[in-house]
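Read through the structure below, which is laid out as C-alpha cells, and then see the notes.
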Amino acid sequence: MNRRDFLVKSTLAGSAVLTSNSIASKPTFVRNVKPKSVIIIGAGFAGLAAAMKLKSEGIKVTLLEARKRIGGRVFSNQPSNGNGQVIELGAEWVGNSHERVITLCNEFGLKLDNNQFETDLTLGGKYSQAGKWSFSPDMQKFWDNKVTIWESMSEEQRKKLDKTDWWRFLSQQGVSSNDLLLRDLMDATDFGESIRHTSAYAAFAEYAESSEKNEMDLKIKGGNATLAEKMAENIGKENILIDHTVQIVKQMGSNGVSITCSNGKTFNADKVICAIPTFSLLKIDWQPGLPNLMKDALHELQYARIGKFPVVFSEKFWKRDDFDMLTDTPAHYFYHGTKNQSGKTGVLMCYATGDKADVLASVNKSQRLDIILDALKPAFGNVSKYITEDLMYYWGQDAYSSGAYAFYGKGQWFEVMPILKEPFENVYFAGEHLADWQGFMEGAINSGEEAADIIVGNQ
C-alpha cells in the first residue's frame, strides 16, 4: 500500500472518530447534491485546482484572494540585476512522481527543466566537493534499503513511526553521530525544521516514496507562477478577485454560505472551499464558530520557518551549473537558483530553515551578507566583489501563512490531519497541509481537486 492509499484509509478511520465526537455543531449536508455555485477562499494552487475542477463540472466559481497576486506560496521573482532570470522565493520543486503538476504543464505547454544538483559540503570550516564526502557504511546500507524496509512495514508499524521523531528513529538504526548531523543538515532543507522535531512517519514516507528515480529535481521553465497564470486563464480571471480578505463566513444551512470581506463586499454561494493556511483560517470570524476539536488542531499544526536569501552575482564563480552546498553555518544551504538560464550573471540561493532562518531574518542586511559570505569562503574565498544584488523573503514572517508550509511534528500526522480534513457544514477544506504530497505544489493541487470532487459527489 502506497502512502496515498494509506493516508486515505487512515483519514477515513479518523473521520469515524470525529463523527463520534460530534465535530460538526450542526449536521453535515448531503455531499452528493451538486451545488450551482462555490466560493473558494484562496487563489494558491489548491484553490486554483479546485476552481478548475468545479468549472469543468459546470459550477460557477468565485475565488477570493487576500494577497495582491495569485499563486499563494508560489512566488516567482525577477531580480532587478538578474537580466531577466527568474528565481523562486516560494514553492520550487517538482518530482517525477508529481503526476498532476506534470500533466498540467503538458496541457498548458509548459516545459520542465532538470535541476539536479551534486552536493558539496562545508563542515567545521572544511570544504569537501561532491563525491569527496559520504555517510558511514551503516547509514548508506540503511538508505539503500529504505524502500524495502518501508514496504515491509505493517500499517500498525507505520502508525507507530508517527509517535517518534526522525532523529530518534535513525539513531535507533545504529547510525553514527556524524550521520545524524549530516541527515539533519540535509533533511531540514526538506522539512523546514530539525529532524529532532519531524515525524518519523512523514520523513520515511517521503523518502521511501521519492526514491532516486523520483527525486525533486524538476522546475518549471519560466517560473512556477507561469502555471498559476495558466490555471487562472482556464478559470477566467474575471472569477478571481485579488485583494479580497475574507473576514466573516456565515453558514445558513440549506441556504448556503454568506461571506463578507474586509472591504465590505459580500458574496453568497451554495458551498465554500477554504484553501488557505491555518494561520489565516483562524483569523476568520466563523458563524457558527468552528468546533473546539478543529480549533485545537488548527492551533497545534505549525508551519516551517524557511527563509530564502538569494544573492545575484555578476558571474557564476561556482563554475558548475549543478552546484549546491550544505553548510553547518546559519547560512545552511546554497544552490544555483538560475540553473538552465542563460546569461553571465547568476543567483546563488541561500536557503535557511528553523532557527537558522530566524537568525538571518533578524540581523541587518550587512550582517546577513557577512554570514553568507563567510559560509562561502572555505569553498571560494572572498566573493564579495561579484555581488550586484541581494534579496530576502522570510516565510516565518509572511502575513498570510507565518511559515512556508505545514510542518508535522511527531504524533500529528494521524491525529491532526484527519480533523482538519473534515468538512464543517457547507465548508470544505483544502491545501498542501491536507495532502499526501504535503509541502509540495503537487499536494496543494491534489487536495484542491479532492475537495472539489467531494462537493460534486465524485468521492
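Scanning segment 51-68 for residues that are within 17 Å of K34 (Cβ to Cβ), surrounded by 20 or more Cβ atoms within 10 Å (Cβ to Cβ) and charged (D, E, K, R) turns up just one, K53.
Test S136 against the stated conditions and say whether it is closer than 28 Å to R183 by Cβ, under 17 Å from the mean Cα position of the chain (by Cα) and polar (S, T, N, Q). Against the criterion (closer than 28 Å to R183 by Cβ, under 17 Å from the mean Cα position of the chain (by Cα) and polar (S, T, N, Q)), S136 does not qualify. Considering segment 8-120, there are no qualifying strands (runs of 3 or more DSSP E) wholly inside with 3 or more residues that are closer than 30 Å to K344 by Cβ and at pLDDT below 95. Among the criteria (1) under 14 Å from T226 (Cα atoms); (2) in contact with a Lys or Arg (Cβ under 6 Å, 6 or more places away or on another chain), the one S76 does not fulfil is (2). Within segment 212-231, the set of residues being part of a strand (DSSP E or B) and either modelled with pLDDT of 95 or more or of a type in the set (D, E, K, R) (or both) comprises K219, I220.
Taking A232, is it within 28 Å of I102 (Cα to Cα), assigned by TED's automatic domain parsing to the domain that holds P418 and small (G, A, S)? For A232, the condition - within 28 Å of I102 (Cα to Cα), assigned by TED's automatic domain parsing to the domain that holds P418 and small (G, A, S) - is met. For the condition surrounded by 13 or more Cβ atoms within 10 Å (Cβ to Cβ), over 17 Å from K230 (Cβ atoms) and in contact (Cβ under 8 Å) with a residue 60 or more places away in the chain, G124 does not qualify. Residue count for segment 227-275, restricted to those that are surrounded by 14 or more Cβ atoms within 10 Å (Cβ to Cβ) and out of contact with any helix residue (DSSP H, G or I) (no Cβ under 8 Å at 6 or more places or on another chain): 22. When V359 is tested against the conditions (1) in contact (Cβ under 8 Å) with a residue 40 or more places away in the chain; (2) of a type in the set (V, I, T); (3) surrounded by fewer than 23 Cβ atoms within 10 Å (Cβ to Cβ), the lone failure is (1).
This table checks each residue for (1) of a type in the set (K, R); (2) assigned by TED's automatic domain parsing to the domain that holds Q251; (3) surrounded by fewer than 16 Cβ atoms within 10 Å (Cβ to Cβ).
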residue: K365; (1), (2), (3): yes, no, yes
residue: I372; (1), (2), (3): no, no, no
residue: V383; (1), (2), (3): no, no, no
residue: Y386; (1), (2), (3): no, no, no
residue: Y393; (1), (2), (3): no, no, no
residue: F407; (1), (2), (3): no, no, no
residue: E425; (1), (2), (3): no, yes, no
residue: G431; (1), (2), (3): no, yes, no
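With respect to G192, is the statement that it is in contact with a Phe, Trp or Tyr (Cβ under 6 Å, 6 or more places away or on another chain) and either farther than 17 Å from G72 by Cβ or in contact (Cβ under 8 Å) with a residue 40 or more places away in the chain (or both) true? Criteria met by G192. Taking segment 84-102 as the range and being more than 19 Å from G439 (Cα to Cα) and surrounded by fewer than 20 Cβ atoms within 10 Å (Cβ to Cβ) as the test, the residues that pass are G84, Q85. Considering segment 133-150 alone, what residues qualify as being touching a residue at least 24 places away in the same chain (Cβ under 8 Å), closer than 17 Å to A208 by Cα and of a type outside the set (F, W, Y)? Result: M139, K146, V147, I149. Residues that are closer than 15 Å to P310 by Cα, of a type outside the set (A, V, I, L, M, F, W, C) and under 19 Å from the mean Cα position of the chain (by Cα) within segment 50-104 comprise S76, N77, E88, G90, E92, listed in sequence order. Against the numbered list (1) within 30 Å of T198 (Cα to Cα); (2) in contact (Cβ under 8 Å) with a residue 24 or more places away in the chain, Q287 comes up short only at (1).
The values are calculated or read from the model by the stated rules, or taken from the named source; none is laboratory data. Please read all numbers here as calculations on a predicted model, not as lab measurements. In this analysis, Cβ positions are derived from the backbone assuming ideal geometry, glycine residues included, and neighbour counts consider all displayed protein chains.
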